[in-house]
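Working notes for the structure below.
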Amino acid sequence: MKIRSGFSLIELVLAIVIIGISVMTIPLMLSQSSNNNTFSIMQESILAARTKMGNVLSYEWDRNSVAKNSSITYIRILDVDKGDNELDRNMSTVDKNRRKGHIAQDFRRRFHEGNETNKTFPSEDSFDTNITAINHFDGQVLGNAFDGTASEFDYVIQDFNMSTTISYISDIADYTAQTIGFDFDISSRADIDDVNNSTNIKMIEILVESPSTKSFRFRAFSSNIGQTELLELDTRDLL
């Protein structure tokens with residue numbers, strides 16, 4: 001009699017069990033893969049927003065911060081309309097171009113040259129391709145309408161949008177105190193084009209939205225403080 005080898009009933013049952021377990025884990029693996037993709041998108045969006053914020057903050061406070069038609073290339077302080085009056089130019093100083101507390105020496109921070117009737121106010125600018133100041137980023141949107149098409153971020157299956165808003169916020173504080181504290185009240189913000197409500201603090205807000213992850217916002221603040229002339233000088237100019 002010829003004996004043929006084959007599967008026993010126990011081996012067949014074990015094979016069925018193993019196949020069943022494998023089939024059951026497929027949805028779990030797909031879910032984990034989806035979670036990994038979502039986490040990657042979130043990390044990429046956070047990095048993109050941080051990079052964008054750093055880019056915005058590298059620009060001038062206002063396009064009028066640098067004097068036009070002159071050799072001055074360093075950033076001046078600007079007069080604003082609704083800022084704390086403690087931060088206005090001190091008209092009692094000789095040149096009338098300093099704030100209270102400014103050092104009246106060469107190469108120090110100062111306002112644009114002017115007087116009470118001749119001031120340089122922040123400009124009324126909208127976003128355009130020629131970016132010269134923080135204002136120009138207002139209303140900028142990177143991304144698309146979540147429709148699955150290619151976007152600035154090169155994501156096809158999943159995407160996120162990043163929008164930038166620039167606003168004035170209150171700069172009211174007690175500048176005579178030894179410790180100065182600000183209440184960054186974003187509920188009373190003023191549109192960046194509303195120069196009649198300009199203050200000495202601009203808020204940069206970046207909103208990141210995605211159909212697959214939670215939305216989040218980054219906020220940073222830029223102050224109307226100008227810069228010292230020393231930062232622009234070549235050290236050879238001082239010899």
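A few notes on this one:
- Neighbour counts of other Cβ atoms within 10 Å put 66, 56 in the fewest-to-most order 66, 56.
- Extending 7 Å from the Cα toward the beta-carbon at both residue 105 and residue 19 defines two label points whose distance is 8.8 nm.
- Listed by Cβ neighbour count within 10 Å, with the fewest neighbours leading, 209, 86 appear as 86, 209.
- Cβ-based net charge around residue 104, under 15 Å, with every Lys or Arg adding one and every Asp or Glu removing one: +4
- Distant-in-sequence amide H partners of residue 221 (H built 1.01 Å from N, under 5 Å): 204
Rule-based calculations on the coordinates, nothing more; no lab input. These numbers were taken from a predicted model, which means no experiment stands behind them. Please note: Cβ atoms are built from the backbone with ideal geometry, for glycine as well, and neighbour counts cover all protein chains shown.
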